[in-house]
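Please read the structure below before turning to the comments.
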Amino acid sequence: MKKIYIAYGANTNRRAMARRCPNAKPIGAGFIVGHKFKFNNVADIVPSQVGSGALMNEISDAPAVAWEITPDCEKALDRYEGFPSLYRKIDVTFKADGEYWNGFAYKMNYTGFHTPSPMYVDGIRTGLKGFFNAGQWDIIDNSIDSAIIKSFRMEETGSPLTKRVGGKQWR
């Protein structure tokens, strides 16, 4: 039975997914409804707060890519994502071109903020921009940049929310 997997990090890259999951078929680009990017060394998503007193310019939906995957693809992704220790699976709603899809995404099990490496971020930007039209690239950049700035500020202030878990061994 095939499933819909919603990727927002390294698995937005076509070549990377072809290596990990050769039978995955891209459905297309869109947004994870009600979630935004967050970084704790690697990508994560958190519920967005728009509509509940948050800043109006906050990016409320995270850019993502939907894939149709096989059970073998899911096993390969579970290994890559460190499921269930590093990431767990959550049900999400994906919107693209006015249509809504239900699927799953990986959600980090750890809290905290840590600025990701520029190379890792570039891979996410390149992956997403390979699916989105050029007119939407600013949305991608703003979503990612907002999350990086928040991670950097949280690290800089030594916030009690900052908790570095894992490290280079994650990838």
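The values are calculated or read from the model by the stated rules, or taken from the named source; none is laboratory data. As the structure is a prediction and not an experimental result, all values here were calculated from the model. Because the Cβ atoms are built from the backbone with ideal geometry, glycine has one as well, and the counts that use them run over all protein chains shown.
Could you look through region 21-57, keep only residues that are of a type outside the set (A, V, I, L, M), loosely packed, with under 13 Cβ neighbours inside 10 Å and at pLDDT below 95, and pick out the one that is nearest to residue 102 (Cα to Cα)?
Checking each candidate, the answer is 47.
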Tell me, please, whether a residue that is buried (at least 17 other Cβ atoms within 10 Å of the Cβ), touching a Ser or Thr at 6+ places or on another chain (Cβ under 6 Å), of a type in the set (S, T, N, Q) and touching a residue at least 12 places away in the same chain (Cβ under 8 Å) can be found in region 140-148. no
I'd like the full set of residues that are in contact with a Gly (Cβ under 6 Å, 6 or more places away or on another chain) and over 16 Å from residue 48 (Cα atoms), limited to region 90-128. 96, 124
Hey, residue 18 of a type in the set (Gly, Ala, Ser) and either at pLDDT below 95 or assigned to a helix (DSSP H, G or I) (or both) or not: yes
Residue satisfying all of: in region 80-134; aromatic (Phe, Trp, Tyr) and in a loop (DSSP other than H, G, I, E, B); surrounded by the most Cβ atoms within 10 Å (Cβ to Cβ) among these: 113
For region 58-117 the number of residues that are among the basic types (Lys, Arg), touching a residue at least 40 places away in the same chain (Cβ under 8 Å) and closer than 20 Å to residue 42 by Cα is 1
Starting from region 24-49, take each residue that is within 13 Å of residue 7 (Cβ to Cβ) and list its partners that are among the basic types (Lys, Arg) and in a strand (DSSP E or B), counting only C-beta distances under 8 angstrom and pairs at least six apart or across chains. 30/95; 31/95; 44/38; 44/107; 45/36; 45/38; 45/107
